[in-house]
Amino acid sequence: EGRELTSQWEFTAVSDHIGRPYELYCVGYDISKESSNLQVFQQLVYHMEDAVLKMTSDGAFTYASPKFISKYGFEEEELVGKSFQELVHPDDVQDAMGKVAELLSTGISPEPLEHRVKHKDGGYLWGETIGSLNPEGTEIIMITRDVSKSKEQKEKLKFQSHLLEAVSQSVIFFD
């Protein structure tokens with residue numbers, strides 16, 4: 001046809017009884033479609049507003065999307081190999097560990113977790129994170145959304161509600 005294909009090759013050597021190779025088998029696979037799908041996925045991750053993270057089943061980061069890097073100030077190299085627990089506020093670590101354990105034991109994505117995510121400057125932003133296992137069950141893919149503004153708005157509304165309730169129960173006397 002004259003079109004280019006993206007391929008993947010596997011090689012297997014066959015050795016004699018003293019370890020000398022005497023045959024080489026190779027098999028090529030057309031992965032053009034998978035390569036195209038990967039490019040589409042990479043573009044989605046790059047342009048989405050939410051941050052994407054990948055980590056091993058024991059909690060070490062293997063990937064951080066550009067959005068996570070820009071939002072939280074870390075470089076990807078600073079995160080790879082680091083435990084997710086280092087980026088979760090100490091008061092939220094137990095809940096986060098529970099969600100990870102639930103995901104690993106059931107394979108079912110638990111409800112999103114609202115927690116504080118550490119910024120490189122030492123401060124924290126509120127995040128909402130949901131995770132799922134990759135098809136092989138070896139990595140966790142997480143999507144984190146910054147909910148700091150909505151959290152702040154909820155707190156303001158809660159304060160105003162308490163204030164209105166207090167005012168409505170107050171007795172005012174005029175002389």
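The values are calculated or read from the model by the stated rules, or taken from the named source; none is laboratory data. Fair warning: this is a prediction, and the values are worked out from it, not measured in the lab. So basically every Cβ, Gly included, is an ideal-geometry build from the backbone, and we count neighbours across all protein chains shown. Remember, those area values only see protein heavy atoms, side chains included, never the ligands or the DNA or RNA. Shrake-Rupley method; radii C 1.70, N 1.55, O 1.52, S 1.80 Å.
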Worksheet entry | All aspartates and glutamates inside 12 Å of residue 67 as judged from Cα atoms, apart from same-chain residues fewer than 8 positions distant | 49, 50, 75, 76, 146
Discussion item. Give me a comma-separated list of calculated 3J(HN,Hα) values for the stretch 150-164, in order, Karplus coefficients 6.51, -1.76, 1.60 applied at θ = phi - 60°, integers in Hz, x for any Gly or Pro.
Written reply: 5, 5, 4, 5, 4, 5, 5, 5, 5, 4, 4, 5, 5, 5, 5
Worksheet item: Which of the aspartates and glutamates could a cross-linker span from residue 33 if the Cα-Cα distance has to be under 20 Å and same-chain partners fewer than 8 positions apart are dropped?
Response: 1, 4, 10, 136
Fill in: HN-Hα J in Hz across the stretch 50-61 - Karplus 6.51, -1.76, 1.60, θ = phi - 60°, x for Gly and Pro
7, 8, 10, 10, 10, 9, 6, 5, 9, x, 8, 5
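Which net charge results for the neighbourhood of residue 126, defined as the other residues with beta-carbon distances under 13 angstrom from its beta-carbon, given Lys and Arg at +1 and Asp and Glu at -1?
For residues surrounding residue 126, the net value is 0.
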Discussion item. For residue 69, what accessible surface area do you get with a 1.4 Å probe? Give it in Å², rounded to 10.
Written reply: 40
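When ranked by the protection proxy of mean other Cβ atoms within 10 Å per residue, highest first, what sequence do the peptides 109-120, 147-158 form?
Highest to lowest by the protection proxy: 109-120, 147-158.
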Fill in: Exposure of residue 30 as accessible area (Å², to 10), given a probe of 1.4 Å and all protein chains
80
Discussion item. So, taking all protein chains as they sit and a 1.4 Å probe, how much accessible area belongs to residue 89, in Å² rounded to tens?
Written reply: 30
Worksheet, complete the sentence: So for the stretch 61-123, using the alpha carbon gyration tensor with a ≥ b ≥ c as root eigenvalues (a/c under 1.5 gives rounded; past that, a/b versus b/c decides prolate or oblate), I'd call it prolate
Worksheet item: So what are the ³J(HN,Hα) numbers for the stretch 124-139, from phi and the Karplus equation (6.51, -1.76, 1.60; θ = phi - 60°), rounded to whole Hz, Gly and Pro as x?
Response: 10, 10, 6, x, 10, 10, 10, x, 8, 7, 5, x, 7, x, 9, 9
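Step through the table entries 54/149; 71/149; 120/154; 54/120, compare each Cα-Cα distance with 21 Å, and write down the pairs that go over it. Write out the running numbers ahead of the final one.
On the way: 54/149 25 Å; 71/149 14 Å; 120/154 26 Å; 54/120 19 Å.
Too far apart for the 21 Å limit: 54/149; 120/154.
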Discussion item. Can you give the log10 of the normalised intensity I(q)/I(0) at q = 0.12 Å⁻¹, computed with Debye over equal Cα scatterers of the stretch 44-175?
Written reply: -0.52
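Got a sec? What order do 146, 91 fall in by accessible area at 1.4 Å, biggest, i.e. largest, first?
Heavy-atom accessible area, descending, gives 91, 146.
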